[in-house]
Amino acid sequence: MSTAEEANKDALPDAKLYSHSFQFVKNKTMGFDSPFFGLCIDRTDLTSLLFSKFDPQEGISYRDSLNGQCRERMDRLQKEEFTIQIIVGENVYPATNATENPRLWEAGKIAQHFDFQGLEFEGIKSLDSSLSVIVWPDSFTFKVDIKGSDENGLQPLMEGFDVKIQFQDWVVETSFDPRQTPDQKEFSVNLACNLTSNLDQLENPEYGVDIDAVAYSEVALKTNFNKDFNCFFTKLGVGTPRPFKGMWTDIRDYDEIGVTIQNKGSSKVYVPIVLYIENLANPTGVCAIVCDEKYRPTGIPIQVSKNWHMAGIPAYGYFYSYLPVNAGATATYQIRLVYGFYGSLPSASHGNLSLVGWGKKGSGTRWEQLAIGCFGETICLDPDFGLVPLIITDLRTLMVKREDKDKWRFSDAGWGGDWLKLSIKGQRLTPFQWRFGYFSHGPCLSEVNYKGWYGKDKAVSLEASVSTLRTDDYARTFFNIRYDFNTDTHTDLSFFELGTTDTIHTPTIAWGNNEGLIEERDLDRQKPNHLYIEQQSFDGAGPFWFGFPNQELPITKGGKGWRAIVIRSFEASFGGVRYHQPTFSVINIRRNRQNIIDPNAIFALRPPPEVTRVSKGDWVSLDISVIALPRKVDDYYGPNMSFHQHMAENPDSWKTIHREAAENVRSVDIHSGGKVVSIYPIIVSAVDQEMIKLVIQGGLGAVPIQFNGLLSRHYMLFRCTDEGELPIDGDQAVHGNDFYQVEYHHCRIEKNDSSEVAGYYCITFNVILDEIDSSIWVLRRVGDDL
């Protein structure tokens with residue numbers, strides 16, 4: 001291959017460019033790791049850190065890094081001296097600890113940003129200082145901010161002082177003289193700890209990179225190297241006019257930022273860059289996509305981190321990425337920020353939402369926020385148990401009018417739910433050292449994985465995946481969860497719960513199976529913790545379902561809906577006996593408020609009644625969809641006419657849940673070229689790189705079809721009709737190539753007695769299947785000039 005051909009090839013992401021953050025010890029020690037290093041920061045002792053360099057050639061992929069065996073090296077980190085000092089003349093004042101729990105600002109696949117407030121210096125009590133850390137895969141940067149706790153707080157430093165930060169061979173010492181800058185109230189020092197020479201190469205004026213950025217094809221944006229973030233930094237500020245209306249409307253346009261990078265060197269580079277959007281068009285739903293110059297998705301990861309809780313500061317977003325550029329090449333990337341719609345359908349998004357500014361209790365914890373469109377979140381998760389001891393918090397409907405008939409705003413379908421609920425010796429098991437794998441932020445089908453344990457003794461192992469989809473009918477969230485029990489315990493536990501908030505009235509419950517309704521029951525008023533149903537197993541064949549038709553939300557003025565759950569698969573092993581029929585209980589909620597009307601029921605998946613003990617080695621595997629539905633047709637303002645007609649005929653009905661369970665993809669058959677991994681969402685693993693043909697029976701809304709294991713990003717999906725093969729872009733694309741999603745992943749491939757990490761593309765489409773009993777689809781590889 002010629003040099004020119006090599007330069008024009010797709011520059012693919014590097015398998016080693018990822019990092020993690022997690023609570024190593026809850027509210028005390030933050031753990032960070034990547035293929036290059038492991039680091040633990042204990043806020044109660046900042047005179048030392050736990051640290052080790054890792055060998056990136058070990059070939060641990062991002063997916064591998066979530067596994068327990070790849071995490072054991074974090075338990076073998078070495079204690080290393082860490083120095084933060086204020087030096088005034090001959091006096092040295094060392095930092096000893098931070099009084100506040102770590103606060104999460106940004107987190108995801110690429111970079112982690114936390115701070116520790118209340119940094120204390122021995123001998124000086126009048127300061128208000130903090131320590132921040134930015135972690136990239138091959139670097140970490142410490143930043144110390146020093147200011148007075150009041151107007152006289154800096155008095156001990158007024159004659160001049162130095163700030164020194166040292167860790168191993170990395171050291172910086174900076175002098176300040178407040179007398180020369182009387183208006184300066186805060187002093188900052190950075191120490192960048194780079195484990196590779198990547199940044200030295202990129203910043204070299206002779207063989208580094210030149211970067212230009214432009215917004216909306218015409219507004220030049222300044223790009224420079226930012227020492228605080230230890231990367232290249234581009235800002236789209238509030239002063240840049242946005243060519244479309246934002247916030248509470250159906251945003252169908254995108255923020256578009258073009259980034260052109262000239263690589264003057266003789267080797268391929270990976271450019272760490274942060275795109276800072278000072279005022280998001282609507283923060284409740286946003287997904288970033290790295291496209292090529294033709295606006296075709298590239299699959300290059302870009303991390304979504306946002307915050308709308310800071311008083312006096314607009315809702316902002318930080319988008320982290322590594323942009324690859326081949327040797328001697330110039331690459332242009334178009335970064336699209338998708339909000340309400342991606343093409344003709346509401347987009348899917350799943351990202352980290354910082355709680356800094358929300359309140360002291362939850363300001364440091366991880367909060368996962370999923371949305372369809374940008375009309376308020378669809379569902380939120382609290383995996384750190386930072387605000388409440390529940391995994392599932394907010395649960396909202398899609399395109400449901402408020403009481404005042406206003407549209408494109410927050411709605412409500414209830415609140416609260418949980419995954420494993422188990423207490424041992426009177427102590428609730430809480431998430432322990434969970435890791436988070438951000439495989440897709442959207443916009444067609446999101447995917448975030450969670451792996452870790454329940455209980456600090458690792459009593460139960462967890463492996464879970466959470467997704468939502470691009471669609472135009474109603475909100476669905478997909479949960480695939482597996483628990484492995486590592487100890488013997490009792491059966492007073494639940495595997496999944498729906499419900500828990502005070503402010504809901506559930507007068508009716510209904511449950512059934514693939515054939516239809518098993519029972520609909522009116523609930524009477526009972527005392528808290530009353531068992532309406534105790535450990536009853538579903539009859540018949542799945543999928544199984546349960547819901548709360550006629551649910552009332554007496555407090556909210558927003559759009560109102562109701563909740564249901566579809567159990568597409570349940571498998572468990574207790575004492576070596578396999579179970580496939582799920583068992584459930586229904587419990588009246590314990591009230592914290594006195595003015596709420598009973599009943600208010602919680603649905604809980606429980607062990608079968610004949611199981612009297614859970615033993616080490618037992619396991620449970622769940623495939624669950626949580627859906628949020630409008631109560632009546634006049635509440636729904638979405639465009640899906642099939643759903644509209646169904647709601648007109650079946651308001652507030654169990655039939656809507658059964659429709660989802662029985663009709664939303666009955667089967668997927670491969671004619672050629674692939675292998676079915678999942679029926680819903682449809683996931684197909686490629687066997688043939690040129691063509692995959694499949695038949696889908698049933699389907700509702702915009703059904704995700706994902707093809708993985710592909711070696712190119714240039715494919716088109718066609719529907720087979722009597723008129724021939726019709727590409728789906730004609731129905732869905734609005735702004736050019738905005739109808740599909742591409743991710744580039746790495747996985748381990750076994751070869752004889754060895755294995756290696758290889759890359760592949762994962763391409764997702766959404767196909768409208770309402771009222772189509774059977775449809776035939778063909779995925780074809782196309783030229784890169786599409």
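The values are calculated or read from the model by the stated rules, or taken from the named source; none is laboratory data. If you're wondering where the values come from, they're calculated on a predicted model, not measured in any experiment. Cβ coordinates were reconstructed from backbone atoms using ideal geometry, including for glycine residues, and neighbour counts include every protein chain displayed. Keep in mind that these areas ignore ligands, DNA and RNA; they rest on the heavy atoms of the full protein, side chains included. Shrake-Rupley method; radii C 1.70, N 1.55, O 1.52, S 1.80 Å.
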Quiz item: Restricting the search to the range 141-189, which residues are open to solvent by less than 20 Å² (accessible area, probe 1.4 Å), closer than 13 Å to residue 87 by Cβ and assigned to a loop (DSSP other than H, G, I, E, B)?
Solution: 160
Quiz prompt | Wholly within the range 379-428, strands (runs of 3 or more DSSP E) carrying at least 1 residues that are more than 19 Å from residue 351 (Cα to Cα) and at pLDDT 90 or above | solution = 415-418
Quiz prompt | Candidate set from the range 79-108 (those that are farther than 30 Å from residue 438 by Cβ and not in a strand (DSSP E or B)); member that is most open to solvent (accessible area, probe 1.4 Å) | solution = 90
Self-check item: Unique residue being open to solvent by 10 Å² or more (accessible area, probe 1.4 Å) and among the β-branched types (Val, Ile, Thr) when the list is 587, 627, 565
Solution: 587
Quiz item: Can you name the residue in the range 632-686 that is within 28 Å of the chain's Cα centre (by Cα) and of a type in the set (Phe, Trp, Tyr) and is also farthest from residue 546 (Cα to Cα) among such residues?
Solution: 637
Practice problem: Report yes if residue 468 is of a type outside the set (A, V, I, L, M, F, W, C), surrounded by 19 or more Cβ atoms within 10 Å (Cβ to Cβ) and more than 30 Å from residue 491 (Cβ to Cβ), otherwise no. | Solution: yes
Self-check item: Residue selected from the range 23-71 under the condition open to solvent by less than 40 Å² (accessible area, probe 1.4 Å) and of a type in the set (Asp, Glu), by the criterion farthest from residue 131 (Cα to Cα)
Solution: 64
Self-check item: Any hit, the range 433-456, residues being open to solvent by 10 Å² or more (accessible area, probe 1.4 Å), at pLDDT below 95 and not in a strand (DSSP E or B)
Solution: yes
Quiz item: Is one or more of the residues making up the range 242-252 assigned to a strand (DSSP E or B) and either in contact (Cβ under 8 Å) with a residue 12 or more places away in the chain or over 26 Å from residue 136 (Cβ atoms) (or both)?
Solution: no
Quiz item: Taking the range 325-360, which residues are out of contact with any strand residue (DSSP E or B) (no Cβ under 6 Å at 6 or more places or on another chain), among the aliphatic types (A, V, I, L, M) and open to solvent by less than 10 Å² (accessible area, probe 1.4 Å)?
Solution: 355
Practice problem: Answer yes or no: is there a residue in the range 761-777 that is modelled with pLDDT of 80 or more, surrounded by 12 or more Cβ atoms within 10 Å (Cβ to Cβ) and over 30 Å from residue 641 (Cβ atoms). | Solution: yes
Quiz prompt | Residue selected from the range 289-321 under the condition aromatic (Phe, Trp, Tyr) and open to solvent by less than 20 Å² (accessible area, probe 1.4 Å), by the criterion farthest from residue 438 (Cα to Cα) | solution = 316
Exercise. Could you tell me whether any residue of the range 4-22 is without any contact (Cβ under 8 Å) to a residue 60 or more places away in the chain, among the hydrophobic types (A, V, I, L, M, F, W, C), crowded, with 17+ Cβ neighbours inside 10 Å and over 20 Å from residue 745 (Cβ atoms)?
Key: no
Practice problem: Look at residue 271 and say whether it is out of contact with any Leu (no Cβ under 6 Å at 6 or more places or on another chain) and not small (Gly, Ala, Ser). | Solution: no
